[in-house]
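Report on the structure given below.
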Amino acid sequence: MLEIMRNNASGWIVKILFAVIIFIFIFAFGMSGLNSSGDPTVATVNGQAISRAEYEQMYQRAAENIRRTNPDVDQAQLRSPQFKQMVLGQLISEKLLLDQAQKLGIRASDKEVAAGIAAVAAFKDANGNFDKQRYQAALRGIHMTPAEFEENYRKDLTMQQVKDAVGAPADVSEAQARQIFDWISEQARLDYIEVLPVDFRKDVTVGEAEIEAYYKANQDRFKIPAQVTLRTLAFTPANLAKYQTVTDDEIKKYYAANQDAMQEPEQIHARHILVAVKDSDSEAAKKKAKERIDKIYQEAKAGADFAKLAKDNSDGPSAPNGGDLGWFGKGAMVPDFEKAAFALNKGEVSEPVKTRFGWHVIKVEDKKAGTTKTLEEARDEIKSRLAEEKASDKANDLLDQATDRLVSGMSLTKIGSELGLEPQTTDPMPAQYLAQTFGMSADAAKAVAALAPGTAYKSPVAVNGGYMLVEKVEDTPPSVMALDLVRPTIVNTLKDQKGAELAQNAADKIHAALTGPDAAAAAKKYASRIKTTKPFNRQGNIPELGQSQPLAKAAFNAKNKDWFKLVYNMPGGGAVVARLNERIPASDAIWKEQKKFWMDQAGQNYRREAVAAFMDDLSKNAQVKIARPDILK
């Protein structure tokens with residue numbers, strides 16, 4: 001810290017560091033002085049005290065864990081009563097578990113604690129052995145002594161042993177695991193008639209009065225949010241590069257010294273067909289995938305249109321584009337795919353290639369040999385790179401000068417004029433996009449958005465590539481888009497709504513006919529419109545129709561193959577009349593292959609439920625008294 005301050009003693013960095021140091025001293029010492037008075041006990045659990053120190057330590061640890069995993073977390077959430085109550089709840093659970101451990105005579109031994117700590121990866125050297133120096137350094141990093149850490153570890157291990165003892169009797173039988181597997185893995189298929197809104201759009205008319213009524217009733221949908229206009233002065237290599245001078249001699253020297261970087265690597269333009277299969281799939285699924293790719297390969301080798309084969313057969317995301325992967329060089333694809341692709345000549349098709357994604361057949365459309373850029377071809381790229389390097393060297397000094405002027409009250413326009421830089425004025429933009437647009441933190445974006453027009457943020461803001469000075473130019477209040485601008489959207493929305501109503505009415509008539517007194521005649525009438533879905537499971541993602549949990553539930557609850565009693569609305573606005581086609585039992589072969597996995601998962605779930613029930617019972621029978629409710633507010 002002192003070294004940083006010495007190196008930047010005249011700059012803006014030291015001003016910020018001093019501000020941070022002052023804040024830390026106030027927080028660490030001033031705040032503790034303010035809050036140390038009064039009862040040091042936050043709560044009692046069956047007569048055992050939870051001290052203020054314990055609570056504060058747990059709170060800081062929990063907050064830090066959340067900040068580490070989610071740097072953009074709203075700090076107000078970490079100060080909320082809900083978060084504080086969650087922290088206290090964790091402490092109460094620990095007290096209850098440790099109390100039970102004492103009653104049951106459970107306590108992690110010194111040997112178990114030592115073995116557990118020695119197994120922590122962060123404490124091991126390059127050879128995988130426990131390293132005492134690493135261990136002590138890691139503890140210094142979190143401000144804990146070995147004795148404190150080992151006692152905490154002993155508590156955690158003891159509590160886990162209690163949970164293990166509670167969950168041990170909850171071992172699952174093979175029959176129970178098989179029941180879960182059968183329920184999850186069972187599939188169904190539906191016969192259905194779908195009526196779509198688009199089929200009625202030509203019959204739908206929308207009047208001006210309807211458009212205006214919809215516009216007035218839905219003003220919130222057409223609101224333009226409040227916007228901000230900013231003036232910025234960016235101190236990043238990319239922004240400052242345009243102010244740098246790069247000579248022809250510098251460009252020539254760079255080119256001569258960096259010949260390797262001037263090479264254009266070999267590239268190929270290829271298509272592929274993927275038959276997806278995972279290592280975890282059943283042997284039957286693997287065999288089926290191999291048979292399928294072999295058939296596709298024979299068709300491709302015989303001269304079939306490769307792009308059409310890909311559209312019709314590939315499981316990859318490039319299928320709609322005929323399997324086109326565009327141009328790519330070495331290192332862009334997984335090794336096995338790359339090796340096979342670069343071994344092909346233009347127009348050749350590979351034999352099936354296996355990767356972690358499945359089986360591929362590859363066709364090379366074109367190839368480019370590796371080349372070296374000439375000086376003229378590389379000139380602009382080199383000039384930009386050298387300009388950014390020069391700008392990078394000057395950025396900190398320019399930022400220091402600008403920050404000093406900013407603190408003195410100078411406007412960004414005046415600062416730019418004195419430093420030979422040109423501030424940029426943004427277009428109006430919603431405040432919520434500031435962080436994403438500039439790469440600033442969420443807190444900085446909120447502070448900038450809250451500035452009054454004509455005022456500047458009084459310190460540099462970290463952004464993508466460097467720092468930026470920011471000045472609020474204007475606030476634009478929220479407004480409503482003019483009717484003429486949103487008219488096409490309203491017309492389409494009303495047509496969709498009316499089309500959906502007509503589709504629903506038509507589906508109701510079909511349903512009434514198929515379930516009415518003359519159902520046999522209706523079945524003949526609508527036979528050509530009946531389609532059958534691919535198999536789906538209880539999650540409700542029906543391949544041909546989309547996500548519908550109610551329809552999936554009806555399929556798995558069906559006792560016969562009668563048309564369902566209801567017409568089901570689908571996510572796209574269509575209406576579906578459906579009946580069960582078949583229920584497909586879970587595969588015996590897959591069960592035998594995956595039995596260990598399902599028994600492990602079922603056992604873990606049963607044990608978690610047993611521990612949760614045990615904790616719930618402890619909580620209900622515990623005597624918990626909150627001595628300092630004010631701390632939780």
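Just so it is clear, none of the values below were taken in a lab; they were calculated from the coordinates. Computed from a predicted model, the values in this text were never measured in an experiment. Cβ sites come from the backbone with ideal geometry, for glycine too, and all protein chains shown count toward neighbours.
Phi angles across the stretch 328-334 convert, under the Karplus curve 6.51 cos²θ - 1.76 cosθ + 1.60 with θ = phi - 60°, into 3J(HN,Hα) values of 8, x, 5, x, 7, 10, 5 Hz, Gly and Pro given as x. A simple rule links phi to the HN-Hα coupling: the Karplus curve 6.51 cos²θ - 1.76 cosθ + 1.60 with θ = phi - 60°, which for the stretch 65-70 gives 4, 5, 4, 5, 8, 9 Hz, with x for Gly and Pro. For the listed residue pairs LYS295/LYS339; LYS498/LYS565; LYS295/LYS330; LYS278/LYS368; LYS253/LYS373, the alpha carbons are over 26 angstrom apart in LYS295/LYS330; LYS278/LYS368. Tell me whether the stretch 110-167 comes out rounded, prolate or oblate; compute the Cα gyration tensor, take square roots of the eigenvalues as a ≥ b ≥ c, and use a/c under 1.5 as the rounded threshold. Because a/c hits 1.5 or more and a/b fails to exceed b/c, the stretch 110-167 counts as oblate.
Which value, in debye to the nearest 20, describes the size of the charge dipole of the stretch 266-369 about its Cα centre when Lys and Arg Cβ atoms bear +1, Asp and Glu Cβ atoms bear -1, and nothing else is charged? It would help to have the intermediate numbers written out before the result.
Values: 19 positive and 17 negative charges, 15 e Å.
So the magnitude is around 80 debye.
In this rough spin-label picture, where each label sits 7 Å from Cα along the Cβ direction, the GLN90-ALA586 distance is 3.5 nm. Counting lysine pairs in the stretch 389-483 that sit 8 or more residues apart in sequence, or on different chains, and whose Cα atoms lie under 24 Å apart gives 8. So which lysines can LYS625 reach, going by Cα to Cα under 30 Å and dropping same-chain residues fewer than 8 places off? Candidates past the 8-residue exclusion: LYS84, LYS95, LYS103, LYS155, LYS163, LYS633. In plain terms, the chain from ASP616 to LYS253 could stretch by 123.3 nm, reckoned as 0.36 nm per residue minus the Cα-Cα distance. Partners of LYS311 within straight-line reach, counting aspartates and glutamates whose Cα lies under 12 Å from its Cα and excluding those fewer than 8 residues away in the same chain: ASP324. On the beta carbon distance between MET58 and GLN424, with R0 = 41 Å, the FRET formula returns roughly 0.30. What separates the Cα centres of the stretch 538-571 and the stretch 372-443 is a distance of 57 Å.
Our helix-only sum for the chain, with -39,500 (n - 2.57) per DSSP H run of n ≥ 4 divided by its residues, gives a mean residue ellipticity at 222 nm of -16000 deg cm²/dmol. Near ALA49, no amide H atom lies under 5 Å from its own; only residues 5 or more places off or on other chains count, and H is placed 1.01 Å from N. Computed from backbone phi, the HN-Hα couplings of the stretch 380-392 come to 4, 5, 5, 4, 5, 5, 5, 5, 5, 4, 5, 5, 4 Hz, rounded to whole numbers (Karplus: 6.51 cos²θ - 1.76 cosθ + 1.60, θ = phi - 60°; Gly and Pro given as x).
Going by the alpha-carbon gyration tensor, a ≥ b ≥ c the square roots of its eigenvalues, is the stretch 492-607 rounded (a/c under 1.5) or, if a/c is not under 1.5, prolate (a/b greater than b/c) versus oblate? Prolate.
Only Cα pairs under 8 Å and at least 6 apart count here; give the relative contact order of the stretch 456-538 as a rounded whole percent. Relative contact order of the stretch 456-538: 12 percent. Counting every other Cβ atom within 10 Å of each residue's Cβ, VAL577, VAL198 order from fewest to most as VAL198, VAL577. Taking a ≥ b ≥ c as the square roots of the Cα gyration tensor eigenvalues, with a/c under 1.5 meaning rounded and otherwise prolate when a/b beats b/c, else oblate, which class fits the stretch 253-386? Cα axes put the stretch 253-386 in the prolate bin.
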